[in-house]
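Before any comments, here is the structure.
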Amino acid sequence: MAEAALRTDEGFDSTIVRRLMARPLRLVETPMAEVVTLHPGAAAPGNRAQASEEVAHLKAQLLVMKAVLRSERDEAAHLRACIATIADPEPLTPEAQAVRDRWAALVDQLLRTAR
């Protein structure tokens, strides 16, 4: 469901769900001096704008992920409520039982005459 929702939005690729769930995100701004660089030249001043753009993009992806999870949670709760009403139906009133019995008799009669 999450990937289908993301496919409709052209701004994000389909790997967003896996990336967001695979690693935790730190949304706290840290000074660039404390960041350990994995690639040479990654902490260059020109890359700070790119890094802040990536952080903004990741925050947007995180909001999408939260919306998808909230939607799935709501859908699961709705399905549980539907299953509960089917599993434990309310007792029929005497009038409803009489109507049901009349319809059952009519259907039975129609099936017998069709043979």
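The values are calculated or read from the model by the stated rules, or taken from the named source; none is laboratory data. Fair warning: this is a prediction, and the values are worked out from it, not measured in the lab. All accessible areas refer to the heavy atoms of the entire protein, side chains included, with ligands and DNA or RNA removed. Shrake-Rupley method; radii C 1.70, N 1.55, O 1.52, S 1.80 Å.
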By accessible area (1.4 Å), largest first, 92, 111 order as 111, 92
Note: residue 109 to residue 72 extended length (0.36 nm per residue) minus current alpha-carbon separation gives 8.7 nm
